[in-house]
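The values are calculated or read from the model by the stated rules, or taken from the named source; none is laboratory data. This structure is a prediction, so every number in the text was calculated from the model and none was measured. Ideal geometry is used to build each Cβ from the backbone, glycine not excepted, and the neighbour counts take in all protein chains shown. Keep in mind that these areas ignore ligands, DNA and RNA; they rest on the heavy atoms of the full protein, side chains included. Shrake-Rupley method; radii C 1.70, N 1.55, O 1.52, S 1.80 Å.
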Amino acid sequence: MGLAAVAVVLAAEVPARVGNEMRTKEFLSKLEHDRIVQVIREAESKTSGQIRVYIQRGKLNADPLTAAQKKFHRLGMHKMSERNAVLIFVAPRAHKFAVVGDKAIHEKCGEEFWQRVVDVMRTHFQNEKFSYAIVEAIEEIGRLLAAHFPKESRSSNELPDEIVET
């Protein structure tokens, strides 16, 4: 499947309150979709890198890291010319998420960067600041991408900016 090219991927579980299983529909209703898409566009305007957000509907039958890697591949994110795509994968019903960065971006930032992104997201998710968790992660990832993969005149938006929900 070529997933060996996908570098660091950190998964985290957001502790659920006992008896409080969040439905994906409820999570999605709390997301500020337009704001998230706007932040993706702003981040990508400064870089050749690509950022996608994927929301897993329903149950998650696999490890979030494995699921995120497979989704990264299925979305064609490994085909970016500079290997600098990042996927933020969220499975609200399972209270889990993962952040997947392709080979080139991981080589530039290392494990510590991904751990910081995940830690900040976890804190916001625990406080039910779902949009803020995603927005802050996109902004942080965007700054890193812009520093290492600045936008060039020939750079194009290779992937859609919309949140993927399936």
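A few points about this structure:
- Identification of helices (runs of 4 or more DSSP H) wholly contained in the range 7-123 with 1 or more residues that are at pLDDT 90 or above yields 33-44, 64-74.
- Any pair with Cβ under 7 angstrom, 6 or more apart, that starts in the range 108-134 at a residue that is within 17 Å of K96 (Cβ to Cβ) and ends at one that is assigned to a helix (DSSP H, G or I) and open to solvent by 70 Å² or more (accessible area, probe 1.4 Å): H124/Y132; F130/K30
- Considering (1) surrounded by fewer than 23 Cβ atoms within 10 Å (Cβ to Cβ); (2) among the aliphatic types (A, V, I, L, M); (3) within 10 Å of the chain's Cα centre (by Cα), the lone condition that A62 does not fulfil carries the number (3).
- Any pair with Cβ under 9 angstrom, 6 or more apart, that starts in the range 53-65 at a residue that is closer than 15 Å to I88 by Cβ and ends at one that is part of a loop (DSSP other than H, G, I, E, B) and open to solvent by 40 Å² or more (accessible area, probe 1.4 Å): V53/E162; Y54/L75; Y54/T166; I55/T166; Q56/T166
- Scanning the range 68-95 for residues that are among the charged types (D, E, K, R), more than 19 Å from G110 (Cβ to Cβ) and open to solvent by 40 Å² or more (accessible area, probe 1.4 Å) gives K70, R74, K79, R93.
- Failed item in (1) surrounded by fewer than 17 Cβ atoms within 10 Å (Cβ to Cβ); (2) touching a His at 6+ places or on another chain (Cβ under 9 Å), with K151 passing the rest: (2)
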